[in-house]
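Q: This structure is in structure tokens; I'll ask about it shortly.
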Amino acid sequence: MDKIRLGRTGMMVPRLGFGGIPIQRISEDEAVEVVRRCIDLGVTFLDTANGYTTSEERIGKAVKGRRDEVVIATKSGSRNREGLEKHLRLSLERLGTDYIDLFQFHGISDFKSLETILDPKGPMAVVEDAVKAGMIRHVGITSHQIDVAKEAVMSGRFETMMFPFNFITCEPAEDLLPLCREHDVGFIVMKPLAGGALDNVTIAFKYLFQFPDVLPIPGIERTHEIKEIVRILEGSLEMTGAELREMQRMRDELGTRFCRRCDYCQPCPQEIPISLMMFADTAVKRMPAERLFTSRFFVDAVDKAASCTECGDCEEKCPYELPIREMLAEQVRYFQEAKERYEQRTGE
Ligand code: SF4
Ligand code: SF4
């Protein structure tokens, strides 16, 4: 597989990486197998996180004896020294390695968090010591908020930026990506399929592969999924007329009512996880019903969303002028109806 230079890390990485969220959903044997098949296909950039439950451990098992073939990227969401030290120790242990190629600060989407991690006595100091000790080779950051991401790039402290990018959430092409190029910061693409909202994989990846220096890391659960993307990469990356028309159709359909997960609408006085709720229908379509409707995670979020007082604070803050109240109500209805059908089917 062709390689690209990941910004000033200088690491040469494949044009396609592996996102380690979905392997939490399958058995350990299946997870180890899918990671190994990805490596066999040349997908040797493996991204995971301390917060992805079993993901690091499973990747660690899959790369046993093959550590030199892969680039391992992981993340910590901790905002303090002690937490970060603990996460780093855990990551090394679970991954079964004595170094991490790319260690990322996870989900830095507000200015306060950015300031906290950059405090000279804060978590960045721990990471810099670990770099000196050879436990970490490169330092990156992940964000969902474009102004915070730009500030992080300009700080000069991060060698990579991971940010959502796809043909619907295409704003990074205008300013964040050029800024990363200017500062020689590697650009890693999260949500290449817009969190599951885009089901035309060919168009989604042809769009991204137009940018020769970005590294998409789709979440992979089954080998056939990565094979499909590798096939796209091996063929002509030029979009056909029909594909361009379809992309436009999807932009028209989703564009005006599509949540970018920027979280500008927060805080909500009712503590409703708005951006999560905007994808409740996708979760219904993509997640196994027995997990979705029996775990508290989504069910609690939907219960909270049902308590929306319609104050409208969120809509005033949404830069995309989404009719959030109306969309939330639709999502709640969709989820509850699907849950009722599931309960009737299973007799629960
Ligand atoms: S309208 Fe609903 S979701 Fe929006 S801020 Fe008010 S309570 Fe929260
Ligand atoms: S509803 Fe609007 S402000 Fe809130 S996360 Fe989605 S796009 Fe951003």
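Q: Take the residues of the range 279-331 that are within 13 Å of Phe258 (Cα to Cα) and modelled with pLDDT under 90: which is nearest to ligand 1 (Cβ to nearest atom)?
A: Taking the candidates together, the pick is Cys318.
Q: I'm told Leu276 meets every condition in (1) at pLDDT 95 or above; (2) within 16 Å of ligand 2 (Cβ to nearest atom); (3) of a type outside the set (Ser, Thr, Tyr); (4) part of a helix (DSSP H, G or I) except one. Can you identify the failing condition by its number?
A: (1)
Q: From the list Arg345, Arg291, which residue is of a type in the set (D, E, K, R), in contact (Cβ under 8 Å) with a residue 60 or more places away in the chain and open to solvent by 70 Å² or more (accessible area, probe 1.4 Å)?
A: Numbers: Arg345 fails: in contact (Cβ under 8 Å) with a residue 60 or more places away in the chain.
Result: Arg291 is the single residue among Arg345, Arg291 that is of a type in the set (D, E, K, R), in contact (Cβ under 8 Å) with a residue 60 or more places away in the chain and open to solvent by 70 Å² or more (accessible area, probe 1.4 Å).
Q: To continue, here is another question. May I ask you to list the residues in the range 143-171 that are surrounded by fewer than 17 Cβ atoms within 10 Å (Cβ to Cβ) and hydroxyl-bearing (Ser, Thr, Tyr)?
A: Matches in the range 143-171: Ser155 only.
Q: Considering the range 1-24 alone, what residues qualify as being over 17 Å from Met161 (Cα atoms), open to solvent by 40 Å² or more (accessible area, probe 1.4 Å) and assigned to a helix (DSSP H, G or I)?
A: Result: Gln24, single match.
Q: Considering only residues that are crowded, with 16+ Cβ neighbours inside 10 Å and touching a Cys at 6+ places or on another chain (Cβ under 9 Å), which ones fall in the range 231-259?
A: Hit for the range 231-259 is Cys259, nothing else.
Q: While we're looking at this one, here's another question. Among the residues that make up the range 48-67, is at least one of them in contact with a Phe, Trp or Tyr (Cβ under 8 Å, 6 or more places away or on another chain) and either without any contact (Cβ under 8 Å) to a residue 12 or more places away in the chain or at negative phi (or both)?
A: Kept after step one, since they are in contact with a Phe, Trp or Tyr (Cβ under 8 Å, 6 or more places away or on another chain), are these residues of the range 48-67: none.
Scanning the range 48-67 turns up no residue that is in contact with a Phe, Trp or Tyr (Cβ under 8 Å, 6 or more places away or on another chain) and either without any contact (Cβ under 8 Å) to a residue 12 or more places away in the chain or at negative phi (or both).
Q: Is one or more of the residues making up the range 130-142 touching a His at 6+ places or on another chain (Cβ under 8 Å), under 25 Å from Gln266 (Cα atoms), without any contact (Cβ under 8 Å) to a residue 60 or more places away in the chain and buried (at least 20 other Cβ atoms within 10 Å of the Cβ)?
A: Scanning the range 130-142, I find no residue that is touching a His at 6+ places or on another chain (Cβ under 8 Å), under 25 Å from Gln266 (Cα atoms), without any contact (Cβ under 8 Å) to a residue 60 or more places away in the chain and buried (at least 20 other Cβ atoms within 10 Å of the Cβ), so the answer is no.
Q: Need the failing condition index for Cys314 against (1) within 14 Å of ligand 2 (Cβ to nearest atom); (2) open to solvent by less than 40 Å² (accessible area, probe 1.4 Å); (3) in a helix (DSSP H, G or I); (4) within 19 Å of Ala197 (Cβ to Cβ), just the number.
A: Looking at each condition in turn, Cys314 falls short on (4).
Q: Is it fair to say Leu84 is open to solvent by less than 50 Å² (accessible area, probe 1.4 Å), touching a helix residue (DSSP H, G or I) at 6+ places or on another chain (Cβ under 9 Å), over 18 Å from Pro22 (Cα atoms) and not in a strand (DSSP E or B)?
A: Numbers: open to solvent by less than 50 Å² (accessible area, probe 1.4 Å): yes; touching a helix residue (DSSP H, G or I) at 6+ places or on another chain (Cβ under 9 Å): yes; over 18 Å from Pro22 (Cα atoms): yes; not in a strand (DSSP E or B): yes.
Yes: the conditions hold for Leu84.
For (1) within 16 Å of ligand 1 (Cβ to nearest atom); (2) over 18 Å from the mean Cα position of the chain (by Cα); (3) over 24 Å from Gly20 (Cβ atoms), each residue gets a yes or a no:
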{"site": "Pro172", "(1), (2), (3)": "no, no, no"}
{"site": "Arg181", "(1), (2), (3)": "no, yes, yes"}
{"site": "Val189", "(1), (2), (3)": "no, no, no"}
{"site": "Tyr207", "(1), (2), (3)": "no, no, no"}
{"site": "Val214", "(1), (2), (3)": "no, no, no"}
{"site": "Val230", "(1), (2), (3)": "no, yes, no"}
{"site": "Thr240", "(1), (2), (3)": "no, yes, yes"}
{"site": "Arg249", "(1), (2), (3)": "no, yes, yes"}
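Q: If you don't mind, there's one more thing I want to ask. From the list Gly83, Gly107, Gly77, which one is within 29 Å of Cys262 (Cβ to Cβ) and in contact with a His (Cβ under 6 Å, 6 or more places away or on another chain)?
A: Values: Gly83 fails: in contact with a His (Cβ under 6 Å, 6 or more places away or on another chain); Gly107 fails: in contact with a His (Cβ under 6 Å, 6 or more places away or on another chain).
Going through Gly83, Gly107, Gly77 in turn, the sole match is Gly77.
Q: Take the conditions hydrophobic (A, V, I, L, M, F, W, C), surrounded by fewer than 18 Cβ atoms within 10 Å (Cβ to Cβ) and either part of a helix (DSSP H, G or I) or within 9 Å of ligand 2 (Cβ to nearest atom) (or both) and apply them to Phe297. Does it pass? Walk me through it before giving the result.
A: Working: hydrophobic (A, V, I, L, M, F, W, C): yes; surrounded by fewer than 18 Cβ atoms within 10 Å (Cβ to Cβ): yes; either part of a helix (DSSP H, G or I) or within 9 Å of ligand 2 (Cβ to nearest atom) (or both): yes.
So Phe297 passes the test.
Q: Tell me yes or no: at least one residue of the range 264-272 is within 13 Å of ligand 2 (Cβ to nearest atom), among the aromatic types (Phe, Trp, Tyr) and not in a helix (DSSP H, G or I).
A: Going through the range 264-272, the residues within 13 Å of ligand 2 (Cβ to nearest atom) turn out to be 264-268, 272.
So of that shortlist, the ones also among the aromatic types (Phe, Trp, Tyr) come out as 264.
Next, only the ones that are not in a helix (DSSP H, G or I) stay: 264.
Within the range 264-272 (the criterion being within 13 Å of ligand 2 (Cβ to nearest atom), among the aromatic types (Phe, Trp, Tyr) and not in a helix (DSSP H, G or I)), the answer is yes, since at least one residue qualifies.
The values are calculated or read from the model by the stated rules, or taken from the named source; none is laboratory data. Computed from a prediction, not measured in an experiment: that's the story for all the values here. Quick reminder, even Gly has a Cβ in these numbers, built from the backbone with ideal geometry, and neighbours come from all protein chains shown. To get the accessible areas, we keep the full protein, side chains included, count just its heavy atoms, and leave off ligands, DNA and RNA. Shrake-Rupley method; radii C 1.70, N 1.55, O 1.52, S 1.80 Å.
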